[in-house]
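First the structure, in the form of structure tokens, and then the observations on it.
The values are calculated or read from the model by the stated rules, or taken from the named source; none is laboratory data. Just so it is clear, the model here is predicted, and its values are computed rather than measured. So basically every Cβ, Gly included, is an ideal-geometry build from the backbone, and we count neighbours across all protein chains shown. For accessibility, only protein heavy atoms count, side chains too; no ligands or nucleic acids. Shrake-Rupley method; radii C 1.70, N 1.55, O 1.52, S 1.80 Å.
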Amino acid sequence: ILMSDGPAHDQQRAKVARFFAPRVVAERHAPGIERVAESYVGRMQADRGGLLDEVALHYAVEVTADIVGLTAAEVPRLAARLESFFRQPPFDLTQPGLGRSRRDWARAAAAGLGPLARFGWHDVRPAIRARRRHPRADIISHLIAEGYTDLDILVECLTYGTAGMVTTREFIVMAAWHLLTTDDLRADYLAADTAARHAILHELIRVEPVVGHLYRRATHQFELDA
């Protein structure tokens, strides 16, 4: 879904959307999401605190892994493998070759292939084997039914793992920071019903989106009106 384009991309998104549509999340996933959230809050209360970014990452990984089908490993181990993908040399999307030198690209390859191999071996491979024997209502089972190869499934799982789980972690921490440091906002949130709380969270992510820029590359020459 990350590398396809045009009608093929639209078709694939439509098929996968049934796992993430608002109604599906509310009816099928919401009870599990709430149960996991309560368990993490309970642990933080019992421990009298904790690192919110770590708790948020584990929470996002546990919820999303169940929907995707990456349930072969313990959550902390899966989270650590996903987090290791982001230890990359810096890059600049506006520069040719992302502004990286040959040395940077070599470092990027080494930093990417190792985590990919570990993720594939410890998390994706056992999940595929389990779903081939016993399909479930998750994304890996869907991809197997669609005829995807193991390598295709690995790329899809990497996309959902890194893009979905890590960005959710960042949003939770950012929202908590605003709520904990702005008394009026926190009071409004605590007094609000579910719909009003969602509206507050939607506004927070509008003001401070996790993905701040979306880059596009032109496929042909064109002029902009002044």
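Just for the range 10-64: of the residues that are polar (S, T, N, Q) and within 26 Å of Glu83 (Cβ to Cβ), which one is modelled with the lowest pLDDT? Talk me through it step by step, then tell me what you get.
Residues of the range 10-64 that are polar (S, T, N, Q), as a first pass: 11-12, 39, 45, 64.
This time we only want the ones that are within 26 Å of Glu83 (Cβ to Cβ), so: 39, 45, 64.
Details: Ser39: 95, Gln45: 95, Thr64: 88.
For the range 10-64, the residue satisfying everything is Thr64.
Might you check whether a residue that is touching a Phe, Trp or Tyr at 6+ places or on another chain (Cβ under 9 Å), within 21 Å of Leu78 (Cβ to Cβ) and open to solvent by 40 Å² or more (accessible area, probe 1.4 Å) occurs anywhere in the range 95-107? Full working, then the answer.
Step one: list which residues in the range 95-107 are touching a Phe, Trp or Tyr at 6+ places or on another chain (Cβ under 9 Å), which gives 97-100, 104.
Subsequent filtering for residues that are within 21 Å of Leu78 (Cβ to Cβ) retains none.
No, because not a single residue in the range 95-107 is touching a Phe, Trp or Tyr at 6+ places or on another chain (Cβ under 9 Å), within 21 Å of Leu78 (Cβ to Cβ) and open to solvent by 40 Å² or more (accessible area, probe 1.4 Å).
Just to check your reading of the model, which residue among His220, His213 is over 27 Å from Thr64 (Cα atoms) and part of a loop (DSSP other than H, G, I, E, B)?
Numbers: His213 fails: over 27 Å from Thr64 (Cα atoms).
Unique residue meeting the criteria: His220.
For Asp104, are the conditions met, namely being touching a residue at least 12 places away in the same chain (Cβ under 8 Å), assigned to a helix (DSSP H, G or I) and out of contact with any helix residue (DSSP H, G or I) (no Cβ under 8 Å at 6 or more places or on another chain)?
Details: touching a residue at least 12 places away in the same chain (Cβ under 8 Å): yes; assigned to a helix (DSSP H, G or I): yes; out of contact with any helix residue (DSSP H, G or I) (no Cβ under 8 Å at 6 or more places or on another chain): yes.
Against the criterion (touching a residue at least 12 places away in the same chain (Cβ under 8 Å), assigned to a helix (DSSP H, G or I) and out of contact with any helix residue (DSSP H, G or I) (no Cβ under 8 Å at 6 or more places or on another chain)), Asp104 qualifies.
Would you please name the residue that is nearest to Val75 (Cα to Cα), looking only at residues in the range 13-33 that are loosely packed, with under 11 Cβ neighbours inside 10 Å and of a type in the set (D, E, K, R)? Let's see the steps before the verdict.
We begin by selecting, within the range 13-33, every residue loosely packed, with under 11 Cβ neighbours inside 10 Å; these are 14, 17, 22-23, 27, 31.
With the extra rule that they be of a type in the set (D, E, K, R), the set shrinks to 23, 27.
On the way: Arg23: 26, Glu27: 24 Å.
So the residue we want is Glu27.
I need a count of the residues in the range 161-173 that are open to solvent by 30 Å² or more (accessible area, probe 1.4 Å) and either of a type in the set (Ser, Thr, Tyr) or on the phi > 0 side of the Ramachandran plot (or both).
Residues of the range 161-173 that are open to solvent by 30 Å² or more (accessible area, probe 1.4 Å), as a first pass: 163, 167-173.
Narrowing further to those that are either of a type in the set (Ser, Thr, Tyr) or on the phi > 0 side of the Ramachandran plot (or both): 167-168.
Result for the range 161-173: 2.
Which pairs do you get when a residue that is open to solvent by 30 Å² or more (accessible area, probe 1.4 Å), found in the range 125-146, comes within reach of a residue that is assigned to a helix (DSSP H, G or I), reach meaning Cβ atoms under 6 angstrom, with the pair 6+ apart or on two chains?
Every condition considered, the pairs that remain are Pro135/Ser141; Ile144/Arg131.
Mind listing whichever residues of the range 70-100 are aromatic (Phe, Trp, Tyr) and more than 26 Å from Ile144 (Cα to Cα)?
Going through the range 70-100, the residues aromatic (Phe, Trp, Tyr) turn out to be 85-86, 91.
Residues satisfying the conditions are Phe86, Phe91.
Looking at the range 148-159 only, could you name the residues that are over 13 Å from Phe86 (Cα atoms) and open to solvent by 30 Å² or more (accessible area, probe 1.4 Å)?
Kept after step one, since they are over 13 Å from Phe86 (Cα atoms), are these residues of the range 148-159: 148-157.
Listed by number, the residues that qualify are Tyr148, Thr149, Asp150, Leu151, Asp152, Val155.
Under the condition of being closer than 18 Å to Ala73 by Cα and not in a helix (DSSP H, G or I), which residue from the range 136-158 is farthest from the chain's Cα centre (by Cα)?
Arg136
Kindly indicate the residue of the range 174-185 that is surrounded by 15 or more Cβ atoms within 10 Å (Cβ to Cβ) and either of a type in the set (D, E, K, R) or over 22 Å from the mean Cα position of the chain (by Cα) (or both) and also farthest from Glu208 (Cα to Cα) among those meeting that condition.
By that ranking, first place goes to Leu185.
Let me confirm something: among Val75, Val41, Val68, Val61, which residue is open to solvent by 20 Å² or more (accessible area, probe 1.4 Å), among the aliphatic types (A, V, I, L, M) and within 25 Å of Gly114 (Cα to Cα)? Quick ask: steps written out before the conclusion?
Values: Val41 fails: within 25 Å of Gly114 (Cα to Cα); Val68 fails: open to solvent by 20 Å² or more (accessible area, probe 1.4 Å); Val61 fails: open to solvent by 20 Å² or more (accessible area, probe 1.4 Å).
Of the residues listed, the single one that is open to solvent by 20 Å² or more (accessible area, probe 1.4 Å), among the aliphatic types (A, V, I, L, M) and within 25 Å of Gly114 (Cα to Cα) is Val75.
Filter the range 45-58 down to the residues that are assigned to a helix (DSSP H, G or I), open to solvent by 50 Å² or more (accessible area, probe 1.4 Å) and touching a helix residue (DSSP H, G or I) at 6+ places or on another chain (Cβ under 9 Å) and list them by number. Steps first, please.
Kept after step one, since they are assigned to a helix (DSSP H, G or I), are these residues of the range 45-58: 45-46, 52-58.
Adding the requirement that they be open to solvent by 50 Å² or more (accessible area, probe 1.4 Å) leaves 45-46, 52-54.
The answer is Leu52, Asp53, Glu54.
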